[in-house]
Amino acid sequence: MTRLTRTFVGETGFERAAAWSATGFALSLLAVHVLASAVSLDPTPVAAACMAVSVIGVASLARVGGGLLPGVLLSYGPTAGVLLGVLGPEIRLVAGGGIAIGSGTARAAATAIAVAEPLALAVAGAVAVGGVGYAVGRGLVVVGGR
């Protein structure tokens with residue numbers, strides 16, 4: 001592999017990054033909704049804590065050979081969960097009815113846009129968080145070795 005390929009793709013990590021991205025999405029969305037609403041907290045500190053954990057996860061992945069793209073993939077899940085929880089429509093479980101998104105009177109197009117906007121913003125956030133986490137992880141390798 002060339003050095004550029006190793007930087008972007010890494011030696012390991014896409015499967016691991018995809019699994020942890022999905023897990024991070026679910027946990028971040030739950031944390032923002034449950035912690036912020038159950039304890040009546042502002043969701044901003046909860047969101048910041050989720051993003052800090054995401055940076056640590058990406059740095060850890062980069063330290064063991066993950067590349068920049070798996071790092072961005074890993075950070076997308078938590079970033080999307082946080083932004084969907086903070087900016088997105090109301091998501092709730094309905095007994096016997098599954099998952100309800102938005103109010104009962106919302107049109108399908110408006111609900112789709114309300115869900116798509118935070119997920120699209122999460123791409124930019126994932127690139128930023130993934131880049132920072134990757135730089136930290138590779139910096140730790142340079143300073144301390146593997």
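The values are calculated or read from the model by the stated rules, or taken from the named source; none is laboratory data. If you're wondering where the values come from, they're calculated on a predicted model, not measured in any experiment. Accessible surface areas use protein heavy atoms only, side chains included; no ligands, DNA or RNA. Shrake-Rupley method; radii C 1.70, N 1.55, O 1.52, S 1.80 Å.
Sort T2, T79 by accessible area with a 1.4 Å probe, largest first.
Working: T2 85, T79 5 Å².
I get T2, T79, largest accessible area first.
Surface calculation, 1.4 Å probe, protein heavy atoms: R16 sits at approximately 120 Å² accessible.
Sorting S54, S60, S37 by accessible area (1.4 Å probe), largest first, what list results?
Details: S54 5, S60 65, S37 85 Å².
My answer, sorted largest first, is S37, S60, S54.
Note that the range 107-120 has calculated 3J(HN,Hα) couplings of 6, 4, 5, 5, 5, 4, 5, 5, 7, 5, 4, x, 5, 6 Hz, one per residue in order, obtained from phi through the Karplus relation 6.51 cos²θ - 1.76 cosθ + 1.60 (θ = phi - 60°); glycine and proline are x.
Axis angle, to the nearest 10 degrees, between helix 43-63 and the longest C-alpha principal axis of the chain: 30 degrees. Solvent exposure of the chain, expressed per residue, is 56 Å² of accessible area, with all protein chains present and a 1.4 angstrom probe.
Of the residues L68, L61, ranked by 1.4 Å probe accessible area with the largest first, the sequence reads L68, L61. Between the entries [x] 16.0; [y] 15.3; [z] 20.8, the label attached to Kirkwood radius over Cα pairs in Å calculated for this structure is [x].
Normalised by the number of residues in the range 52-146, the average gap of Cα pairs under 8 Å and 6 or more apart makes the relative contact order 47 percent.
Quick one: with all protein chains in place, what share of the accessible area of the range 27-146 is carbon or sulfur, to the nearest percent (1.4 Å probe)? Please list the in-between numbers first.
On the way: 4620 of 6300 Å².
The nonpolar share, carbon plus sulfur, comes to 73 percent.
Using Cα atoms only, what is the angle between the long axis of helix 14-30 and the major principal axis of the chain, expressed in degrees (0 to 90) to the nearest 10? Rounded to the nearest ten degrees, it is 40.
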